[in-house]
Every structure is written in C-alpha cells, then in structure tokens.
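Notes follow the structure.
The values are calculated or read from the model by the stated rules, or taken from the named source; none is laboratory data. None of these values were measured; they are calculated from a predicted model. With ligands, DNA and RNA removed, areas are computed over all heavy atoms of the protein, side chains included. Shrake-Rupley method; radii C 1.70, N 1.55, O 1.52, S 1.80 Å.
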Amino acid sequence: TGNYCRNFICKGQRCHLNVSNTEVYQNAHHRSGRLCSQASWTLWEKTLSFQISSAGQLPHHFSAWNVQIIRPFHTSPSLQAAPFPLFWIIVKPAQKLFAIILGRSIRKWWKALPPHKQELFKESARKNKWKILLGVSSVGVLFVVFYFTHLEETPITGRPRLLVFGKEHFRELSQMEYEMLMEKYKSKMLPETDARYQVVERVLGHLCESSKDIPQVSALDWVIHVVDEPEVNAFVLPNGEVFVFTGLLDAASDIDQLSFILGHEIAHAVLEHAAEKASLVHFLDFLSLIFLTVIWAICPRDSLAVVGQWIQSKLQEFMFDRPYSRTLEAEADKVGLQFAAKACVDVRASSVFWQQLELADTVLGQQKLPEWLSTHPSYENRAERLDRLIPEALKIRESCNCPSLSEPDPRLVFKLTKQDFLEPSEDQELPNSTKRNISKPKRDFPHA
C-alpha cells in the first residue's frame with residue numbers, strides 16, 4: 001500500500017539521505033522506488049473499476065488517489081513587491097485612484113467649456129499635432145529605454161527578464177508574507193519528528209546538496225514547513241521558506257515524483273520568479289495608468305468608464321499576466337527536472353505526476369478550464385512538455401555518474417494501468433477468455 005511505501009521510505013532512507021555517499025543513497029532510493037512502483041501497480045491491476053463515494057472522494061484503500069482535490073495544483077505565490085514594501089503597498093492603489101480622479105477631472109473640465117472654446121482647443125490640437133505626437137512618442141521611448149536598461153539574465157537559463165526591485169528589499173516583503181502564513185497555519189504545522197516532515201526534509205536536502213555548485217542554491221537557507229492540509233499544493237517564498245501540504249504527499253505516488261515537485265519549487269526561488277513577476281506587474285500597472293486616465297477622460301459617464309476600466313484590466317490579465325505566469329511555470333518545470341536529474345532521481349516519473357492529477361480530475365468530475373484562462377499550464381501540456389525534456393535530463397543523470405534506471409518505464413506502466421482502470425474488464429465480459437497480457441507493446445487508449 002501507499003502508506004507502507006511511505007513508511008518504508010521514511011525508515012529505510014533515514015540513514016541514507018543525509019550522508020555524502022550518494023551511491024548508498026541511490027541504492028536505497030531504487031529499492032524503495034521499485035517497491036512503491038510494484039505496490040502501486042498491484043493496486044491498479046486489482047482495482048479495474050470503483051465507485052466514487054457520495055462525498056466525491058475515491059475509496060480510502062485506493063491510496064495512490066487518497067487525496068481531496070480542492071483546487072488545481074499551484075506553486076509559489078507571486079508577491080507584488082517593491083524596494084520599499086510598505087510604501088508601495090500604499091502607493092499601488094493610490095496611483096490608480098489618482099489616474100481615475102485626473103481623467104474624471106479632465107472630462108468635467110471639457111464639458112464645462114463653452115462650445116466655441118472647445119472648437120478653439122480642437123483647432124489648436126490640429127495645428128500642433130506633430131508636437132503632440134512627438135511628446136507622446138517621447139513618453140513611449142522613455143518606457144522602452146527603462147525596460148531595456150533594467151533587463152537581466154535569468155540564472156541557469158540565461159533568459160532576459162525585467163527586474164527592477166532590490167532583492168534584499170523584496171525578501172523583506174517575503175518575510176512579512178512568511179509571518180502571515182505561519183500565523184495562518186500555526187495549528188497545522190507538522191513537528192520535525194513526524195515521518196512525513198522527515199521525508200520532505202531529506203529529499204529537499206539531497207536536492208540542494210546535489211546542486212550546491214549553483215550559487216543561488218547554496219546562498220539560500222532552505223527551511224521546511226509541512227502543513228497538515230488535504231490541499232494538493234506546495235510553494236516557496238523568495239527567502240527560502242518552503243511550504244508543503246500533506247495533500248501533495250498523498251498525491252505523489254513515490255519519492256521520484258516528490259523529488260521533482262520539490263525541485264520545481266527550488267527552481268522558483270533560484271530563478272527569482274516572484275521578483276520577476278512583481279516587476280512585470282508593476283511595470284504594466286504603471287503603463288496602464290495612461291490608458292486608465294484616457295478611459296475616464298473620454299467616457300461620457302462614470303458607469304461606462306468603470307466598464308472600460310474592467311475591460312482594460314482583463315485584457316492586461318489575459319494578454320500579459322497569465323501567459324507570463326505560465327511561462328515561468330514551464331521554466332520552473334524544466335530547471336526542476338534538471339535538479340532532479342543531478343540528484344539521480346528517476347526523471348521519467350515527473351510527467352506521470354501530472355498525468356495522475358489529470359486522471360484524478362477526470363474521475364472526480366472536476367471542471368477543466370481552458371489553459372488560456374489559467375495562470376498554470378494544463379496537466380496534459382505539462383506532461384507532454386516534460387516528456388520532451390526527459391531525454392536531456394537523462395543525459396544529465398548519466399554525466400553525474402548516476403546508477404542506471406530500472407525497467408519498466410513508469411510512463412508505460414501508467415499508460416497500461418490507466419487503460420485497465422478506465423476500460424471495463426474483458427475478463428468480466430468474457431469469463432472463458434484468457435487473461436489480457438499487460439505487457440502488450442502498444443494499445444489504443446480511449447479518451448476518458
């Protein structure tokens with residue numbers, strides 16, 4: 001069972017995960033990984049069909065899916081910060097209010113002008129249209145210059161990104177966020193003596209030890225917090241505070257999947273995604289003040305201006321914010337997979353994790369939103385993207401002198417078991433027929 005696997009991992013690797021001899025760790029890792037895989041396979045093979053309980057949960061004995069899915073798995077929250085956190089927390093709504101008041105004042109001033117003066121202004125604007133165009137272009141050039149003078153390279157990937165906030169000040173804000181989270185979950189924190197806490201601690205420690213050659217990894221003090229909540233979630237703050245929910249531990253079938261997810265979280269902090277996202281959000285918000293002022297100035301009524309402001313904010317959200325967030329998630333998946341490969345994890349299990357969540361949503365009847373409406377890529381797309389990255393990750397494992405991976409491939413096992421899980425049993429329909437061969441090379445998999 002999954003519980004036995006977790007206990008076996010906790011006890012069997014207690015003396016291996018903190019030692020420097022990675023070969024010893026890998027031997028224990030592969031033994032426990034195979035045991036969990038075999039146990040999971042036995043559950044799949046025997047459980048060809050089941051009924052969902054009235055509460056919308058799977059039966060408790062089906063331990064691989066013993067999880068309540070409250071909302072889609074997500075990761076590090078995007079903290080919108082600035083060099084002086086408290087100052088910017090106040091200024092952010094104040095600048096929008098200023099733009100609204102300015103635009104509304106311009107509209108009222110224009111309506112109060114006599115018609116002949118309005119015509120004079122229009123005529124003056126036509127005569128000086130090139131000067132006006134030059135002034136607007138100058139403002140645009142200032143924004144472009146500001147953007148390109150604040151570009152930096154992302155660690156590891158080398159991707160250019162906008163970064164305008166001081167890292168130390170941003171970590172101050174993350175400390176405030178940390179204190180609020182600790183207050184929120186103070187009664188649900190697992191003690192360090194808990195076996196689940198120790199598994200997370202040792203897996204994260206091994207990942208960090210394997211990638212200590214990366215300055216951003218060794219520079220942070222990684223602190224683990226395991227929250228006793230059924231939510232399938234984990235996130236990391238920019239200051240290295242890692243929060244893992246027990247629902248995620250239940251959703252991960254083996255230690256390889258857990259290692260990949262924690263590698264993903266490490267990647268968010270190492271790549272400074274929170275500061276990057278905050279930089280983009282504040283830059284776009286400042287740029288949108290111009291459009292916000294224009295909307296309130298040209299709309300004849302306040303109600304229309306409110307609608308226009310809502311449309312403008314939604315366009316910004318769906319054209320810039322959410323696609324950018326999905327890009328950061330995909331980058332964290334890629335770098336997290338590299339961290340897992342350096343730690344000699346079976347990286348093939350990474351895509352299986354997302355397929356498991358997709359299957360769980362299908363079985364529980366969870367409504368699936370289109371990817372363009374989400375801040376995260378869909379489970380299906382994440383799994384497909386990881387499958388394309390796995391060959392490169394396998395080369396990294398080989399370059400790190402990791403032990404050879406055992407067969408069968410967990411992706412193949414999942415495909416076969418998923419088919420048996422979703423299809424009616426042929427043995428039940430045809431009592432005299434021979435038992436199906438689960439090792440058949442290829443099958444047609446029906447859509448769930």
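Heavy-atom accessible area of residue 299 with all protein chains present, probe 1.4 Å, nearest 10 Å²?
Near enough 20 Å² of accessible area.
Ignoring ligands, DNA and RNA, how do 92, 368 rank by accessible area with a 1.4 Å probe, largest first? Please report the intermediate quantities before stating the final value.
Values: 92 40, 368 115 Å².
So the residues, ranked largest to smallest area, are 368, 92.
Of the cross-linked pairs 314/368; 212/334; 184/314; 212/277; 277/314; 96/314, which ones have a Cα-Cα span greater than 23 Å in the structure shown? Mind dumping the intermediate values first?
Values: 314/368 20 Å; 212/334 18 Å; 184/314 30 Å; 212/277 25 Å; 277/314 17 Å; 96/314 15 Å.
Result: 184/314; 212/277 exceed 23 Å.
Viscosity 1.567 mPa s, temperature 4 °C: give me the Stokes-Einstein translational D for the stretch 162-420 in µm²/s, with Rh taken as the Kirkwood radius over C-alpha pairs. Before the final figure, lay out each step's value.
Numbers: Rh = 20.3 Å.
For the chosen part, D equals 64 µm²/s.
On average, how much accessible surface per residue is there in the stretch 162-420, in Å², for a 1.4 Å probe, leaving out ligands, DNA and RNA?
41
On the full set of protein chains, 1.4 Å probe, figure out the accessible area of residue 407 and give it in Å² to the nearest 10.
Its accessible surface works out to 130 Å², give or take rounding.
For the stretch 166-312, what is the relative contact order in percent, using Cα pairs closer than 8 Å and at least 6 residues apart in sequence?
18
Starting from the residue with the highest accessible area, list 100, 132 in decreasing order, probe 1.4 Å.
132, 100
Ordering 109, 372 by how much accessible area each has at a 1.4 Å probe, largest first, what is the list?
372, 109
Considering Cα pairs under 8 angstrom that are at least six residues apart, work out the relative contact order of the stretch 162-420 and quote it in whole percent.
Numbers: 285 pairs, mean separation 47.2, N = 259.
This gives 18 percent for the stretch 162-420.
Which whole-number percent is the relative contact order of the stretch 259-388 (Cα, under 8 Å, 6+ apart)?
36
Dividing the convex hull volume of the Cα atoms of the stretch 114-153 by its residue count, what figure in Å³ per residue is obtained?
61
Please give the solvent-accessible surface of residue 307 in Å², to the nearest 10, using a probe radius of 1.4 Å with every protein chain present.
It works out to around 80 Å².
Calculate what fraction, in whole %, of the accessible area of the stretch 114-153 sits on carbon and sulfur atoms when a 1.4 Å probe is rolled over the protein chains.
Ligands and nucleic acids excluded, carbon and sulfur reach 70 percent.
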